[in-house]
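The values are calculated or read from the model by the stated rules, or taken from the named source; none is laboratory data. All values reported here derive from a predicted model rather than from experimental measurement. Please note: Cβ atoms are built from the backbone with ideal geometry, for glycine as well, and neighbour counts cover all protein chains shown.
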2 protein chains.
Amino acid sequence: MGFFRPEIEALRGYVPGEQTGSREIIKLNTNENPYPASPRVAEAVREVVEGTGGNGLGVNLQRYPSAMAEPFRQRASVVLGVPSDWIMCGNGSDDILTIVTRAMVGQGEMLRLPYPSYILYKTLAAIQGAQSEEIHFQPDWTLADDFCQARDDLRLVFLPNPNSPSGTVIPPDRILELARRLPCPLLVDEAYADFADANCLDLVGQCEKIMVLRTLSKSYALAGLRFGFIVAQPQMIEQLAKVKDSYNCDALSIAAATAAIGDQAWLAENRAKIIATRGRLIEGMRDLGFSVLDSQANFAWCTHPERPLEPIFEELRRRNILVRYMDYPAWSDGLRISVGTDEQIDKCLSQLRTML
Amino acid sequence: MGFFRPEIEALRGYVPGEQTGSREIIKLNTNENPYPASPRVAEAVREVVEGTGGNGLGVNLQRYPSAMAEPFRQRASVVLGVPSDWIMCGNGSDDILTIVTRAMVGQGEMLRLPYPSYILYKTLAAIQGAQSEEIHFQPDWTLADDFCQARDDLRLVFLPNPNSPSGTVIPPDRILELARRLPCPLLVDEAYADFADANCLDLVGQCEKIMVLRTLSKSYALAGLRFGFIVAQPQMIEQLAKVKDSYNCDALSIAAATAAIGDQAWLAENRAKIIATRGRLIEGMRDLGFSVLDSQANFAWCTHPERPLEPIFEELRRRNILVRYMDYPAWSDGLRISVGTDEQIDKCLSQLRTML
């Protein structure tokens, strides 16, 4: 047609994990939380649509929302112990990944990411007409010094931590070391950090180049809400805010997210359940002969020393159990299985047992 | 700092109209609808948070939403009489303006817009590192042929219709003529079209280059929801969808927007009220000596043959009435007053009467 930028026409587009409308299917393919969100979320949403809460104006949705999602920033500031102007909210963490890429990486410039990791990062670089460079994890899932090597065109580095699909982590000390050596900002994508033993929030104050990204999709069970936020030093936030859409978070999401992050007791309880079930999943898969990485996220990466994995994925699918089959060229294919409820994981394991 | 693209550091950033937390203030500055949305909206939202509606899965927000906002597309297809795959939804129409600009306008390329119009368009071009070219409206608010003049680097043209701040319209026949002569797509931003006598929806099928943008912020009284959509031929939608974030609309917004567009009786009633009050506002301002353009939107553009306008804006503000003062270099400054309720407009007029 010629109406689109050549980069866009050439793009295959990021294909998100399959969603299903069926009630029968056990859905373990997109790392959603199997439990419903804190009941405070529904309450906060109801208050907005009934015009009784939120802004206290007695109006509901006809007014524009807070451009900077101020109620969430205030609450998150208290919960996380960072100043509110260190926080910028987004329409899901994808919105923030998009904003950061657009703000920092120009046409022809370089974005760095580890391999294997989140496929979307490369798509974001491609949309910018930028380059991307994948640095392979070491066999023990550490990152060698080439991850922080300077190059003239390097503008931004993404590091998911815990990583997907591996579920592995780089310790915060090492991340600080990498960031200090890098010539550009390092965004630590902590989508799964609430399920991990450590996180990098404290590093933001120690190094201007470190930005920490969080989402409410996984640990707060709010994938349907589209709410994420970045923590960075305020002079960074100020520039990033220029690139975001003026009102990028809606009034319902802001109210819901504010209620969710305010309910840390819910988070602690949910986290404990997910971590317990994760152990059950990993142990069960190992018993079945799979090789499974230790995970600090809400999923497990499973390979098998003998069996091809795609047919296992397909057979599970026929049996109404949806996991994610992923094939990373020059590395490995495997099954990424999300941590569901104990019951869901037990069903998955028992189906696998009958198949193998 | 040097961490950001020079285009971003140089940017002032779009400053949205002032929002206020005060109940006393009559807010006539950002073209919000003064009435609450259809009651079906609150009902639909309640069903999602209570897990009783929407996907019928008995789950609420822990699952990812429909990537293409499929329930809305289906409903809008019936209401508007266009195939569902001609529709792409966004997190507010700003999200779609961003997507279209990123998809079509590369670094150094040209975006065209009329002047005066929506200031955000230029900001979007600047974020892309692109150029923007403003073609002035004629004194009678028509567009001369230079608006469709070809140039090698021209990639996209934005045309708000009805326009803001003028409230004026270009007739659909003329828009079709302009689009046919243009070498690139023409996005008709119909944010205010539900308040106008005509719209360009029928043109999309006649000319691949025409794309029509709608928002639920104004005529559906859902500025707080962030929901907009574009209507374009499916081969255009297919490319645009590659650039959007995977899940750019959340489950609550999709349910709410679907309910809203399904309630056309509400829309017709609201539209009639707004149009009646618009007449009252325009007549009242003219009686007070202002020059007021005929408007097909939910606001009126007011200038005054003798009085400076900024002090009037400021004095109104002191009296708890917020209108928008806008100053367009090389054209004019003026007051853009949103159509509120009859009561709000009468208060605004009576305050002006005592001031002048």
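Tabulated data
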| item | result |
| --- | --- |
| Flag for A:ARG112 being in contact (Cβ under 8 Å) with a residue 24 or more places away in the chain, more than 10 Å from chain B (Cβ to nearest Cβ) and more than 19 Å from the chain's Cα centre (by Cα) | no |
| The lone exception for B:SER66 - which of (1) hydroxyl-bearing (Ser, Thr, Tyr); (2) closer than 27 Å to B:ILE170 by Cα; (3) within 11 Å of chain A (Cβ to nearest Cβ) it fails | (2) |
| Residue check, B:ARG214 in contact (Cβ under 8 Å) with a residue 40 or more places away in the chain and assigned to a strand (DSSP E or B) | yes |
| Helices (runs of 4 or more DSSP H) lying entirely in the range A:262-356 (those with 1 or more residues that are of a type in the set (Ser, Thr, Tyr) and surrounded by 13 or more Cβ atoms within 10 Å (Cβ to Cβ)) | A:264-287 |
| Failed condition for A:VAL169, given (1) hydrophobic (A, V, I, L, M, F, W, C); (2) surrounded by 20 or more Cβ atoms within 10 Å (Cβ to Cβ); (3) in a loop (DSSP other than H, G, I, E, B); (4) in contact with a Leu (Cβ under 8 Å, 6 or more places away or on another chain) | (4) |
| Residue check for B:ARG286: free of Cβ contacts under 8 Å to residues at least 12 places away in the same chain, in contact with a strand residue (DSSP E or B) (Cβ under 7 Å, 6 or more places away or on another chain) and either on the phi < 0 side of the Ramachandran plot or not aromatic (Phe, Trp, Tyr) (or both) | yes |
| Number of the exception - B:ALA193 against (1) more than 14 Å from chain A (Cβ to nearest Cβ); (2) among the hydrophobic types (A, V, I, L, M, F, W, C); (3) over 11 Å from the mean Cα position of the chain (by Cα) | (3) |
| Tally of residues being acidic (Asp, Glu) and at the interface with chain B (Cβ under 7 Å from one of its Cβ atoms) across the range A:21-45 | 1 |
| Qualifying positions in the range B:106-121 - surrounded by fewer than 22 Cβ atoms within 10 Å (Cβ to Cβ) and among the charged types (D, E, K, R) | B:GLU109 |
| Positions within the range B:259-288 being in contact with a Gly (Cβ under 9 Å, 6 or more places away or on another chain) and within 14 Å of chain A (Cβ to nearest Cβ), in sequence order | none |
| Residue list for the range B:82-93, filter: touching a residue at least 40 places away in the same chain (Cβ under 8 Å) and out of contact with any Phe, Trp or Tyr (no Cβ under 7 Å at 6 or more places or on another chain) | B:VAL82, B:PRO83, B:ASP85, B:TRP86, B:ASN91, B:SER93 |
| Enumeration of residues in the range A:9-42 that are over 26 Å from A:ALA191 (Cβ atoms) and either acidic (Asp, Glu) or at pLDDT 95 or above (or both) | A:GLU9, A:GLU24 |
| Whichever residue in the range B:205-222 is charged (D, E, K, R) and over 19 Å from B:ARG271 (Cα atoms) and, among such residues, is surrounded by the fewest Cβ atoms within 10 Å (Cβ to Cβ) | B:GLU208 |
| Test: A:GLY340 is among the small types (Gly, Ala, Ser) and closer than 21 Å to A:THR20 by Cβ | yes |
| Single residue of A:LEU178, A:LEU159 found to be touching a helix residue (DSSP H, G or I) at 6+ places or on another chain (Cβ under 8 Å), within 30 Å of A:ILE8 (Cα to Cα) and away from chain B (no Cβ under 14 Å) | A:LEU159 |
| The range A:78-109, residues that are away from chain B (no Cβ under 14 Å) and either within 21 Å of B:ARG5 (Cβ to Cβ) or hydroxyl-bearing (Ser, Thr, Tyr) (or both) | A:SER84 |
| Every residue from the range A:93-149 that is within 25 Å of B:ALA126 (Cβ to Cβ) and in a loop (DSSP other than H, G, I, E, B) | A:VAL105, A:GLY106, A:GLN107, A:GLY108, A:GLU109, A:GLN128, A:GLY129, A:ALA130 |
| Test for A:LEU225: is it at pLDDT 95 or above, assigned to a loop (DSSP other than H, G, I, E, B) and at the interface with chain B (Cβ under 8 Å from one of its Cβ atoms) | yes |
| Candidate set from the range B:1-19 (those that are in contact (Cβ under 8 Å) with a residue 40 or more places away in the chain, out of contact with any Gly (no Cβ under 8 Å at 6 or more places or on another chain) and within 9 Å of chain A (Cβ to nearest Cβ)); member that is farthest from B:PRO65 (Cα to Cα) | B:LEU11 |
